[in-house]
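The values are calculated or read from the model by the stated rules, or taken from the named source; none is laboratory data. Fair warning: this is a prediction, and the values are worked out from it, not measured in the lab. Every residue, glycine among them, receives a Cβ derived from its backbone with ideal geometry; neighbour counts consider all protein chains shown. Only protein heavy atoms, including side chains, enter the accessible area calculation; ligands, DNA and RNA are left aside. Shrake-Rupley method; radii C 1.70, N 1.55, O 1.52, S 1.80 Å.
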Amino acid sequence: MIALSVAAALAIFVVYTALAGNGVADVTPSTLAGHTGDVALVGKVVGSPRGNAHTASGLRFRIKDIGRATAARLPVVYHGSVPDLFKTGSDITVDGRLRNGVFVAKRDSLVTKCPDHYAGKSSKT
């Protein structure tokens with residue numbers, strides 16, 4: 001009976017950790033300070049992205065908190081594949097860490113979010 005209880009508790013723990021995510025904190029540019037190690041940075045692309053994600057210098061762009069016009073802008077450098085929907089104004093998530101005031105993203109971690117998919121259906125009249 002005890003062995004079954006322990007096995008059930010371990011199974012619940014494994015399922016919980018699989019569903020809860022990979023243990024990486026989701027942060028915004030304004031809440032990044034003080035975080036060490038890898039994080040998932042969420043924000044809106046501002047300004048004009050420049051560079052090339054497939055060269056040594058990488059794709060460089062700035063992001064800010066979503067929904068805050070006066071939020072601080074954080075520079076990002078990224079290497080790897082770039083989603084088709086990536087552009088100025090895109091809401092994105094990218095994994096990496098802050099180094100010397102620049103967020104250095106992990107290769108191929110850039111994901112764009114499409115707010116249209118989350119908007120409510122409009123009523124037809």
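Data for the structure
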item: Sites Thr55 and Asp26, calculated FRET efficiency, Cβ-Cβ separation with R0 41 Å, nearest 0.05; result: 0.90
item: Accessible area of Leu4 in the full protein assembly, 1.4 Å probe (Å², nearest 10); result: 120
item: Solvent-accessible ranking of Ser81, Ser90, largest area first, probe 1.4 Å; result: Ser81, Ser90
item: In Å², nearest 10: area of Ser30 left accessible to a 1.4 Å probe; result: 60
item: Heavy-atom accessible area order for Ile92, Ile12, Ile66, largest first, 1.4 Å probe; result: Ile12, Ile66, Ile92
